[in-house]
Structures are given as C-alpha cells and as structure tokens.
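Presented below is the structure to which this report refers.
The values are calculated or read from the model by the stated rules, or taken from the named source; none is laboratory data. Please read these numbers as outputs of a predicted model, since none were measured by experiment. In this analysis, Cβ positions are derived from the backbone assuming ideal geometry, glycine residues included, and neighbour counts consider all displayed protein chains.
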Amino acid sequence: MTFKKLVLLCAIILPAQLFAAPTQFMESHKKTYTVAITQYDNQPEYNQAYQGVLRGLKEEGFETGKNITIFFENANGDLNRVDQIAAEFVAKAPNIIIPISTPSSLAVVKADQSAHIPVVFAAVIEPLVQQDKDVTGVYSFIPVSHGNEEVGYMAGRMAGLVLGGKSPGQLAVVKPADTQLFINSKAAEILAK
C-alpha cells in the first residue's frame with residue numbers, strides 16, 4: 001500500500017471512528033433507569049439522607065425527568081409496611097433499590113434474595129451482610145442525626161456508579177469510621193475498593 005493510499009484510508013476511517021464513539025456514548029445515556037427508594041419513617045435524619053441520595057445520583061449524572069424514574073415509598077414507622085414495600089419493589093424489578101434505614105434495608109435484602117436486584121443502602125446502623133455481590137451501601141455512625149445528608153450523598157454516588165455499570169460487589173461497604181472520615185474530609189476515594 002502506498003503512502004498516499006494509507007493517508008487517504010486514515011482520513012476516511014478515523015473521522016468515522018471519532019463520530020461513532022460519541023454516538024454510542026449518547027445512545028447509552030438515553031436509557032431511562034428505574035430507581036426505587038424506600039425509607040422507614042419520616043424522621044429528619046431519613047429525609048436528609050433521601051435528599052443526599054438525590055444529590056449523589058445527580059452528581060453521577062442521573063436526574064429525575066432526564067434519565068431516571070424514581071419510585072419512593074415511606075413506611076411511616078410501620079414494620080409490616082416495610083416488608084410490603086420491599087416485596088412490591090422487588091416485584092417491580094427496578095434497576096436499583098436504595099433503602100434508607102436499618103429496617104428498610106433488612107427488608108429489601110431479605111425480599112431480594114432470589115431477584116438479585118442491586119441494592120445500595122443508606123443510614124444503616126446494624127450490619128446487613130458480610131459480603132454480597134448485589135448489596136453495598138453506607139452505614140451511619142452514632143449519632144445518626146449528624147451528617148445523614150452526606151451519608152445519603154455517598155449512597156447516591158454509589159448508586160450512580162452501579163447504574164453506570166459497576167456491580168455493588170465492586171464497591172466497598174462504607175463503615176461508620178469511613179463515613180465520619182468522608183464527612184470530615186470529603187474523601188470520595190473511600191467509595192471504591
């Protein structure tokens with residue numbers, strides 16, 4: 001092949017490749033994801049965590065009305081309702097479930113055992129799982145009222161990473177000491193192993 005033919009071939013192929021990549025990128029971001037969020041009660045700590053989840057999702061490029069649809073349910077402190085919400089969400093098969101609080105998280109993990117829907121929990125004070133490929137999240141620290149928006153924010157960022165293609169098992173569960181470190185220093189590096 002002569003040099004002129006090689007240059008001509010590159011002049012035709014390279015622009016086609018450059019234009020194809022952004023098109024593929026744009027197509028993958030046109031998808032709408034379903035996010036199910038549940039919280040145990042209407043306490044300020046949980047409401048703060050919910051606002052943090054929305055902020056974290058937005059930071060990762062996921063916004064209501066653009067590329068995510070959110071189903072939100074509040075159990076209003078009713079433990080029977082917590083289990084019902086978890087079962088309803090699993091039956092809807094969203095792309096991800098984000099339970100806020102220990103009771104909601106325990107119910108979702110139990111209901112999701114065979115469905116394998118990714119779960120990213122927030123504002124949890126009791127251990128949920130040792131290691132699970134479908135579950136990750138952010139534990140709160142005591143007192144839970146301090147910094148729960150940041151706890152939710154970290155969970156929202158993690159949920160965004162999962163929606164973007166990571167498996168929950170690829171993300172570290174953020175423990176109380178890490179949560180405090182994040183809130184004090186905004187050290188986002190703790191999100192990934």
Restricting to segment 59-80, and then to whatever is free of Cβ contacts under 8 Å to residues at least 12 places away in the same chain and among the polar types (S, T, N, Q), can you tell me which residue is surrounded by the most Cβ atoms within 10 Å (Cβ to Cβ)? THR64
Consider ALA123 against the criteria (1) at positive phi; (2) at pLDDT below 85; (3) surrounded by 13 or more Cβ atoms within 10 Å (Cβ to Cβ): it satisfies all of them except one. Which criterion is unmet? (2)
Of the residues in segment 147-193 that are among the charged types (D, E, K, R) and not in a loop (DSSP other than H, G, I, E, B), the one that is modelled with the highest pLDDT is ARG157
Tally, over segment 72-105, of residues that are over 17 Å from the mean Cα position of the chain (by Cα) and aliphatic (A, V, I, L, M): 6
Please work out which one of (1) over 18 Å from ILE117 (Cβ atoms); (2) at pLDDT 95 or above; (3) more than 16 Å from the chain's Cα centre (by Cα) is the condition ASN67 fails and give its number. (3)
Might you check whether a residue that is surrounded by 15 or more Cβ atoms within 10 Å (Cβ to Cβ), modelled with pLDDT of 95 or more, farther than 19 Å from GLY152 by Cα and of a type outside the set (D, E, K, R) occurs anywhere in segment 103-113? no
At pLDDT 95 or above and farther than 16 Å from ALA49 by Cα: is that true of PRO94 in this structure? yes
Of the numbered conditions (1) in a helix (DSSP H, G or I); (2) closer than 26 Å to GLY147 by Cβ; (3) at pLDDT below 95, ILE13 fails exactly one; give the number of that condition. (2)
